[in-house]
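J.: The structure is given below, and queries will be raised subsequently.
The values are calculated or read from the model by the stated rules, or taken from the named source; none is laboratory data. This one's a predicted model, so the numbers in the text were calculated from it and none came from an experiment. No Cβ is skipped: glycine too gets one built from the backbone with ideal geometry, and neighbour counts run over all protein chains shown.
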Amino acid sequence: MDPKERQRKRALIVFQIVIYGYLLLMFLIQLYMSIERGWWSL
């Protein structure tokens, strides 16, 4: 396994982490907004 291949694989992993982190952040913001509006205090 040459260094270029390894670097490409690491870049792919980092890219996936960034995407999932972004989606998780969006989800948490939505959750926070709905709690703030009082949808969950029934």
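J.: With respect to R37, determine if the residue is modelled with pLDDT under 95 and among the charged types (D, E, K, R).
T.: Yes: the conditions hold for R37.
J.: Quick test for you: out of L25, L42, pick the one residue that is modelled with pLDDT of 95 or more and either surrounded by 10 or more Cβ atoms within 10 Å (Cβ to Cβ) or not β-branched (V, I, T) (or both).
T.: The conditions single out L25.
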